[in-house]
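The values are calculated or read from the model by the stated rules, or taken from the named source; none is laboratory data. This one's a predicted model, so the numbers in the text were calculated from it and none came from an experiment. Backbone-built Cβ (ideal geometry, glycine too); neighbour counts: all protein chains shown.
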Amino acid sequence: MVRFIFANLVPANATSHYTNTLATIKKMNDKELIRSINDKIVSIYETEKLIPLRGENDSYELNGKQILMWFNEITRHCWCNFNSHFNYDKNIDDLLFTSDEIVYFTAHLYFYKPYINTPIKDAYYTGTTMIYPVFGNLEGKRYEMYIGVVFEKIYNYWDRIGDLIASYFPKKFKGNVYFSQTVKALENDYKGNFDYDWLLNFVNNEFSEFNKERINIVHYISKSTEQKWEQLGHITDYAKTKFLNDKRLSFPDYFKNMNELTKVGFEKTVNLLEEINKRENYNCDKK
């Protein structure tokens, strides 16, 4: 009985925010609403310093390097060596777009975060016991939807990085290509290279932990359902509730950090490809 009650109660004041919002929305047409939401997201980019791979204000610069020119200068040697076997233009376009998706959906998490219900915010005393309930609201539901989305977008980004690295060894990597497996497969030949070592360390640590959570979400249970039932098992336990609550609220900052790592990873990857050009003698200028 307890778990049914606390899973479905909604605070009495939950509709006041929506009433005011709806009144404003009714005064807008669809395009105005789209622009208004986008302006809010852009303001979150600025506040939280969410910068995609294409750079701040579409500068296309990363640590002083012009991304498109640099990427083309490095990859063209492999492209001509293997007779146009891989579309590098599409690869960089997809990396840029996926990076945009990562910051866009992460910004939505920051957007919703201040308004979501939490068991600590909604705690109450029964006369004998403190209860830390699971009250659902719209903001919390949207927040948890975007958690799953950002996990997928970050994975997609690294998947494209895996494709890019594998393209330099078309005879070695055939069929389905996975980022972590591709990086590990080069260990015997490239361990000791500074940029490769960074990628391998990332695969074995941050990416490995990230991918465990992603696999759980995609194949087994959503973050929303997982968090709900974990909390319902600890509705009188403050310490456990705080731990679960802190974890739930940590995702925007976690994804912001992962976004920074995507940019570092891009730079390390292109540096590694330049080294591979030298070792494998990929050089269009000599053809």
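Summary of values
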quantity	calculated
Exclusive hit being under 25 Å from Asn63 (Cβ atoms), of a type in the set (Asp, Glu) and at pLDDT 95 or above, set Glu267, Glu209	Glu267
Residue within segment 132-141 that is among the aromatic types (Phe, Trp, Tyr), modelled with pLDDT of 95 or more and surrounded by 16 or more Cβ atoms within 10 Å (Cβ to Cβ) present	no
Test: residue in segment 114-128 that is surrounded by fewer than 21 Cβ atoms within 10 Å (Cβ to Cβ) and assigned to a helix (DSSP H, G or I)	yes
Residues satisfying the stated conditions in segment 61-101, i.e. under 21 Å from the mean Cα position of the chain (by Cα) and closer than 18 Å to Tyr282 by Cα	none
Residue in segment 105-112 that is crowded, with 16+ Cβ neighbours inside 10 Å and under 29 Å from Asn87 (Cβ atoms) present	yes
Some residue of segment 59-67 being modelled with pLDDT under 90, surrounded by 12 or more Cβ atoms within 10 Å (Cβ to Cβ) and part of a helix (DSSP H, G or I)	no
Cβ pairs under 6 Å, 6+ apart, first in segment 113-141 and within 18 Å of Arg248 (Cα to Cα) and of a type in the set (A, V, I, L, M, F, W, C), second buried (at least 20 other Cβ atoms within 10 Å of the Cβ) and modelled with pLDDT of 95 or more	Ile116/Tyr143
Selected residue (only one of Asp93, Asp100 is assigned to a helix (DSSP H, G or I), of a type outside the set (Phe, Trp, Tyr), free of Cβ contacts under 8 Å to residues at least 12 places away in the same chain and out of contact with any strand residue (DSSP E or B) (no Cβ under 6 Å at 6 or more places or on another chain))	Asp93
Residue within segment 223-242 that is of a type in the set (S, T, N, Q), surrounded by fewer than 18 Cβ atoms within 10 Å (Cβ to Cβ) and within 18 Å of the chain's Cα centre (by Cα) present	no
All positions within segment 20-58 that are of a type in the set (Ser, Thr, Tyr) and either assigned to a loop (DSSP other than H, G, I, E, B) or modelled with pLDDT of 95 or more (or both)	Ser43, Tyr45, Thr47
Test result for Phe194, farther than 27 Å from Cys80 by Cα, of a type outside the set (A, V, I, L, M) and modelled with pLDDT of 95 or more	no
